[in-house]
1. For the residue pair Ser52 and His75, what label-to-label distance in nm results when each label sits 7 Å from Cα along the Cα-to-beta-carbon direction?
2. Are there trypsin sites (Lys or Arg not before Pro) in the stretch 36-78 that DSSP puts in a loop and that have at most 13 other Cβ atoms within 10 Å, and which ones?
3. What distance in nm separates the simple spin-label points at Asp65 and Ile42, each placed 7 Å from Cα in the Cβ direction?
Amino acid sequence: MGDVIGVVLSVVTDQALLGPVIAGIGICFLIREITIWLINEIFGSGGSALLSTTRHRCYVAQLPDGSVLARQTAHQQS
C-alpha cells in the first residue's frame, strides 16, 4: 500500500501534472460555489409571506397491514 501511495504522490507532484490537478480542484470549488448560489436563489425567491392554513382539512387513513397483503399476494394463483 505504501508503494502505491508513493507512486501516486510522485505522479501528482510532477511539474507536468501539478497545474492541471490544481486547476481541476479550483474548477470543482467554482462549480460548488455556483451551485450553492443557484440553490439559494431558487429557494430564496419564494417570498416571505406566510401561507394561511385556516379552513384546510387533513384526512388520515389507516394503512393496511403490509405483511398480510404480502402473504395474500404470494399465495395467489395466477
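A short reminder: the numbers here are calculations on the coordinates, not readings from a lab. As the structure is a prediction and not an experimental result, all values here were calculated from the model. Don't worry about glycine lacking a Cβ; one is built from the backbone with ideal geometry, like all the others, and counts go over all protein chains shown.
1. 5.4 nm
2. Answer by residue number: Arg55, Arg57.
3. Simple spin-label model gives 4.3 nm for this pair.
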